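Chemist: There's a structure below that I have some questions on.
The values are calculated or read from the model by the stated rules, or taken from the named source; none is laboratory data. Given the structure is predicted, the values throughout are model-derived calculations rather than measurements. We place every Cβ from the backbone using ideal geometry, glycine too, and count neighbours over all the protein chains shown. Quick note on the areas: whole protein, heavy atoms, side chains included, nothing else; ligands and nucleic acids left out. Shrake-Rupley method; radii C 1.70, N 1.55, O 1.52, S 1.80 Å.
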Amino acid sequence: MTVIRLPDGSERKFDYPITVFDVAASIGEGLARAAIAGKINGKLVDLHCPVEQDSELAIVTEKDQDGLEIIRHSSAHLLAHAVKELFPDAQVTIGPVIDDGFYYDFSYKRPFTPEDLTAIEKRMKEISKRNLKVERKVWDRSDAISFFKQQGEHYKAQIIESIPGDEDLSLYSQGDFIDLCRGPHVPTTSKLKVFKLMKVAGAYWRGDSNNEMLQRIYGTAWSSKEDQKNYLHRLEEAEKRDHRKIGKHLNLFHIQEEAPGMVFWHPKGWALWQQIEQYMRDIQNNHGYLEIRTPQVLDKKLWVQSGHWENFRENMFVTDTDERDFAIKPMNCPGHIQIFKQGLRSYRDLPIRLAEFGSCHRNEASGALHGMMRVRAFTQDDAHIFCSEDQIREEVVRFVHLLKHVYKDFGFNDLLVKLSTRPLKRVGSDAQWDKSEGALEAALEEVGLEWELQPGEGAFYGPKIEFSLTDCIGRIWQCGTLQLDFSMPERLGAEYVAEDNSRQVPVMLHRAILGSLERFIGILIENYAGAFPLWLAPVQAVVLNISKGQVDYVQKVADELKNHGLRVDQDLRNEKITYKIREHSLQKLPYQIIVGDAEMSSSMVSVRNRAGQDLGQMAVPKLIEYLKREIALKT
């Protein structure tokens, strides 16, 4: 007798051998048709996997996230199958699931063309309609290696040789196509209905530039046509919103080969930067942070002592002088500890919150650089909170409230939270990690945030909470972090005098809200498609004259607006007013202030907003009040 416990708490008993499919069929015909896999005691398995003992079982359908992952993985195999039918000499290598889709790497004698992708996608649809049964079998290792070598699939043979000998070696077949995979997969190819091939890119075998350059075909797969349509629409929107294109169009910044991964800020872009930095400076000052500045270059011995040299050396820019090795700082924490150590600290001084707009450099791989989203030189809204253990919970709670407030001001209200725990490569004792992970979890529970656990994803010096925001087209950006560190202050000799006069090591909370300002500005550009809210806009308004007779009045209006702290340009060119309006509309300025003879004679201005609405005539003081109210509301 086999007892199956279902997610709703009910049980089903069977006195004959069963599979996951049999259980689904016993529940209902509709579920049996929709099922694509199962989850036995938390482990994903194929639909026709036998259930051999009492188990907890969930039936997986295409509506589940696990089901979507299986559809995408199976679509990668469908891609490989189609390629082998059309290009028999191509060798298949690996084909994993990625965000929103999948890819498969191939070795082939010539580059795949757009016409090839069209033919491959058409063949994938044909194979799907064949309704081929997808079957899993465990093979002997030597037999599998021989099989793939005979097929000319030398990469597959290499992969098998690298798999530990104690693992079962499973191969999946669909028709006459056989591939190496752990699975699980959909039960038949007809379950794969909604997919699209996207592009071809180069990728070195095993990521090593000394190896052959393979061809990576990317695809996307979904459980419904509507989901795929929405995804493709998001891609189109993302293309329109590319911060590199908008940055060039609005004259905000540029990046050039002579300084790879480093930003040249133009006046308008720097005005945006300064507005963000000053906003963060003010809000941190109001929440008890003390702003500091630390050196860019520090002696190697400090990085060795902090643990960065051992764990982060490959990402650091190094130099030497006076027979000493130095590194340009990739992060600010060791410098902040040096400031904490100046003078004897008392428990009465804690918590101490030190903040810095710290300029950092990291030697990122050139292939990983991407506009302002991945750079080598960046500035963090970085801060470190030095506190006692019994202050951790309160400081974490304070920080989360502050972070939510900041994100709301920038227009982001949806927050995703993940708690990352100890990685394999780390410093500190297990007892310290137990204590720090427990403290962060307790604080998150108190704040009432839903969060996801990420085992093994913490920093080498401590666990961390990651805060991600969602932009207007549904993309998720990880920006904020809070990392709890019992280790580095001790390594660098930080201490304070406790209430009992003993010397204690403070706990250090590494925290950032925006993260890299460069990257955050890139996110803002794409979120708003360059049409920034008034409080952020590099140029908040432009004053336009209709004819030469209003030049002096335009200057007077512009000066009055500037004297009230508004960022204003003026356009006195001898052009038609319709031309000026159209040109400044393309620059996405929030307001255009138009002056003609009628406005000048009545000491008024005509106001037009970015949406093209005519707001009528206003006296300049009323306009200033109107604009300042919108700035204060941050709408």
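Chemist: Give me Rg/Rg_expected for the stretch 216-255, where Rg uses Cα atoms only and Rg_expected = 2.2 N^0.38 Å with N residues. Mind showing how you got there, number by number?
Modeler: Values: Rg = 14.5 Å, N = 40, 2.2 N^0.38 = 8.9 Å.
My calculation over the Cα atoms of the stretch 216-255 gives 1.63.
Chemist: Calculate the dipole size of the stretch 314-372 relative to its Cα centre from +1 charges on Lys and Arg beta carbons and -1 charges on Asp and Glu beta carbons; express the result in debye to the nearest 20. Each step should come with its number before you reach the end.
Modeler: Details: 7 positive and 8 negative charges, 103 e Å.
Using Cβ point charges on Lys, Arg, Asp and Glu, the stretch 314-372 gives about 500 debye.
Chemist: Dipole of the chain (Lys/Arg Cβ +1, Asp/Glu Cβ -1, origin at the Cα centre): which of G458, V557, G335 lies farthest to the positive side?
Modeler: V557
Chemist: Send over a whole-number figure in Å² for the accessible area per residue of the chain, probe 1.4 Å.
Modeler: Values: 30580 Å² over 635 residues.
Per-residue accessible area for the chain comes out at 48 Å².
Chemist: Between the alpha-carbon centers of the stretch 302-374 and the stretch 161-212, tell me the distance in whole angstrom.
Modeler: So the two Cα centres are separated by 41 Å.
Chemist: Something else now. Can you give the accessible area of C49, probe radius 1.4 Å, in Å² rounded to 10?
Modeler: Probe radius 1.4 Å; accessible area of C49 about 40 Å².
Chemist: With all protein chains present and a 1.4 Å probe, how do L171, L416 order by accessible area, largest first? Working shown, then result.
Modeler: Details: L171 5, L416 70 Å².
Sorted by accessible area, descending: L416, L171.
Chemist: Same structure, new question: Sticking with the crude label model, points 7 Å out along Cα→Cβ, report the distance from E29 to W139 in nm, one decimal please.
Modeler: 3.9 nm
Chemist: Where the only charges are on Cβ atoms (+1 Lys, Arg; -1 Asp, Glu), what is the dipole of the stretch 9-100 about its Cα centre, to the nearest 20 debye? Please list the in-between numbers first.
Modeler: Details: 8 positive and 16 negative charges, 17 e Å.
Around 80 debye, computed over the stretch 9-100.
Chemist: Okay, next question. Based on the mean of other Cβ atoms within 10 Å per residue, sort peptides 343-350, 52-59 so the most packed one is first. Write out the running numbers ahead of the final one.
Modeler: On the way: 343-350: 13.4, 52-59: 15.6.
Result, highest mean first: 52-59, 343-350.
Chemist: Using only the alpha-carbon atoms, how far is helix 114-129 inclined from the longest principal axis of the chain? Give it as 0 to 90 degrees, nearest 10.
Modeler: Taking the Cα atoms of the chain, the angle to 114-129 is about 50 degrees.
Chemist: For the stretch 39-107 and the stretch 486-548, what is the centre-to-centre distance using only Cα atoms, to the nearest Å?
Modeler: Computed from Cα coordinates, the inter-centre distance equals 41 Å.
Chemist: Checking the a/c ratio against 1.5 first, then a/b against b/c, what shape does the Cα gyration tensor give for the stretch 495-553?
Modeler: Numbers: a/c = 7.68, a/b = 3.00, b/c = 2.56.
Because a/c hits 1.5 or more and a/b exceeds b/c, the stretch 495-553 counts as prolate.
Chemist: Whenever you get a sec, compute what percent of the accessible area on the chain sits on carbon and sulfur atoms (1.4 Å probe). Mind showing how you got there, number by number?
Modeler: Numbers: 14570 of 30580 Å².
The C+S portion of the solvent-accessible surface of the chain is 48 percent.
Chemist: Another question, then. Tell me the angle of helix 620-633 to the major Cα principal axis of the chain, expressed in degrees between 0 and 90 and rounded to the nearest ten.
Modeler: Helix 620-633 and the main axis of the chain meet at about 30 degrees.
Chemist: Once you've got the Cα coordinates, tell me which of K109/K240; K404/K464; K149/K229; K39/K418 are over 29 Å apart.
Modeler: Numbers: K109/K240 35 Å; K404/K464 17 Å; K149/K229 41 Å; K39/K418 24 Å.
Exceeds cut-off: K109/K240; K149/K229.
Chemist: Oh, and also: Viscosity 0.692 mPa s, temperature 37 °C: Stokes-Einstein D of the stretch 1-109 from its Kirkwood Cα radius, in µm² per second? Display every interim value, and only then the final one.
Modeler: Details: Rh = 15.6 Å.
D, rounded to a whole number, is 211 µm²/s.
Chemist: How big is the charge dipole of the chain about its Cα centre, in debye rounded to the nearest 20, if each Lys and Arg gets +1 on its Cβ and each Asp and Glu gets -1 on its Cβ? Please report the intermediate quantities before stating the final value.
Modeler: Values: 82 positive and 93 negative charges, 398 e Å.
Approximately 1920 debye in magnitude.
Chemist: Ignoring everything except DSSP H segments at least 4 long, calculate the 222 nm mean residue ellipticity for the chain; use -39,500 (n - 2.57) per segment, divide by total residues, nearest 500.
Modeler: Working: 20 runs with 227 residues, N = 635.
Result for the chain: -11000 deg cm²/dmol, rounded to the nearest 500.
Chemist: Could you tell me the distance between the Cα centroids of the stretch 561-623 and the stretch 438-483, to the nearest Å?
Modeler: The two parts, judged by their Cα centres, are 45 Å apart.
Chemist: Is the shape of the stretch 215-325 rounded, prolate or oblate, going by the alpha carbon gyration tensor and its root eigenvalues a ≥ b ≥ c, with a/c under 1.5 for rounded and a/b larger than b/c for prolate? Don't skip to the answer; put the middle values down first.
Modeler: Details: a/c = 2.01, a/b = 1.52, b/c = 1.32.
Prolate is the answer for the stretch 215-325, as a/c is 1.5 or above and a/b outweighs b/c.
Chemist: Can you give the angle from 0 to 90° between the axis of helix 551-563 and the longest principal axis of the chain, with both taken from C-alpha atoms, to the nearest 10?
Modeler: The angle comes out near 70 degrees.
Chemist: Continuing with the same structure: Using DSSP, restrict attention to beta bridges with both residues in the chain and report what percent are antiparallel, rounded to the nearest 5. Walk me through the numbers before you get to the answer.
Modeler: Working: 102 of 120 bridges.
In the chain, DSSP labels about 85 percent of beta bridges as antiparallel.
Chemist: Along the charge dipole of the chain, which of H370, A203, A34 sits closest to the positive end, that is, farthest toward it, with unit charges on the beta carbon of Lys, Arg, Asp and Glu (+1, +1, -1, -1)?
Modeler: About the Cα centre, the residue reaching furthest to the positive side is H370.
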